[in-house]
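J.: Handing you a structure now.
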Amino acid sequence: MNGYLGAIATGEMAAKGRVSRRGSLNEAIADAVVRSHTRCVGRGPRRALAFYRGNVVVVVLQGTLTKGELSLAADGRHDAVLRIRRQFRDLMRSELVEAVEGLTGCGVLALVADNSIEPDLGVQLFVLDRSVDGPGPA
């Protein structure tokens, strides 16, 4: 599996440190994001897909909203749901950066993240200080 294809996390992988195979790295990143969401939000997303190319890591999350957030959204309170999601992202930021740095062996220059209510998706984009596959700068 190459870095373009990604891996879907189910929450079982307990990878620590640098992972050498692309598929394993994708799975380890997705799993770390699921663990962080579970710890902070009370449950993880239904699916998490991670992939990378060069110095960019992307994680796409499906089924992120809690029952309470879905109720607020159904009542038209989308702004409230997005504010809550921003607060969760701020809470998880250092944990996510630490996990990606530990797994890739690269520094994280930026983490950009956002959520969509309909469809229920989240995305996290990590810009690294160099390519995951190479020693030099990105």
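J.: Select from the range 98-138 the residues that are of a type in the set (Val, Ile, Thr) and over 27 Å from Gly68 (Cβ atoms) and write down the one among them that is nearest to the chain's Cα centre (by Cα). So that I can check it myself, show each step before the final result.
T.: Taking the range 98-138 and keeping what is of a type in the set (Val, Ile, Thr), we get 100, 104, 108, 112, 117, 123, 127, 132.
If we keep only those that are over 27 Å from Gly68 (Cβ atoms) too, we end up with 100, 104, 108, 127, 132.
Values: Val100: 9, Thr104: 14, Val108: 13, Val127: 12, Val132: 16 Å.
Among residues in the range 98-138 that are of a type in the set (Val, Ile, Thr) and over 27 Å from Gly68 (Cβ atoms), the one nearest to the chain's Cα centre (by Cα) is Val100.
J.: So which pairs qualify, if the first residue must be in the range 92-115 and within 14 Å of Val34 (Cα to Cα), the second must be among the hydroxyl-bearing types (Ser, Thr, Tyr) and not in a strand (DSSP E or B), the Cβ gap must be under 9 Å, and the two must be at least 6 apart or on different chains?
T.: Met92/Ser36; Glu95/Ser36; Leu96/Ser36; Ala99/Ser36
J.: Does any residue in the range 66-90 that is under 16 Å from Arg46 (Cβ atoms) come within less than 6 Å, Cβ to Cβ, of a residue that is not in a helix (DSSP H, G or I) and not aliphatic (A, V, I, L, M) six or more places away or on a different chain, and which pairs are these?
T.: Pairs found: Arg85/Asn115.
J.: When you look at Gly105, is it modelled with pLDDT of 95 or more and touching a Lys or Arg at 6+ places or on another chain (Cβ under 6 Å), yes or no? If you could, list the steps in order and put the result at the bottom.
T.: On the way: modelled with pLDDT of 95 or more: yes; touching a Lys or Arg at 6+ places or on another chain (Cβ under 6 Å): yes.
For Gly105, the condition - modelled with pLDDT of 95 or more and touching a Lys or Arg at 6+ places or on another chain (Cβ under 6 Å) - is met.
J.: Quick one: would you say Arg22 is over 15 Å from the mean Cα position of the chain (by Cα), more than 19 Å from Ile117 (Cβ to Cβ), modelled with pLDDT under 95 and crowded, with 17+ Cβ neighbours inside 10 Å? Let's see the steps before the verdict.
T.: Numbers: over 15 Å from the mean Cα position of the chain (by Cα): yes; more than 19 Å from Ile117 (Cβ to Cβ): yes; modelled with pLDDT under 95: yes; crowded, with 17+ Cβ neighbours inside 10 Å: yes.
Against the criterion (over 15 Å from the mean Cα position of the chain (by Cα), more than 19 Å from Ile117 (Cβ to Cβ), modelled with pLDDT under 95 and crowded, with 17+ Cβ neighbours inside 10 Å), Arg22 qualifies.
Let's see how each residue does on (1) surrounded by fewer than 17 Cβ atoms within 10 Å (Cβ to Cβ); (2) charged (D, E, K, R); (3) part of a helix (DSSP H, G or I):
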site	(1), (2), (3)
Val34	no, no, yes
Ala48	no, no, no
Arg85	no, yes, yes
Asp90	yes, yes, yes
Ser94	yes, no, yes
Ala99	no, no, yes
Cys106	no, no, no
Gln124	no, no, no
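J.: Only one residue in Val34, Val81 is under 30 Å from Gly134 (Cβ atoms) and modelled with pLDDT of 95 or more, so which one is that?
T.: One residue alone meets the criteria, Val34.
The values are calculated or read from the model by the stated rules, or taken from the named source; none is laboratory data. Model, not experiment: these values are computed from the prediction. When we count neighbours, we look across all protein chains shown, and the Cβ atoms used for this are built from the backbone with ideal geometry, even at glycine.
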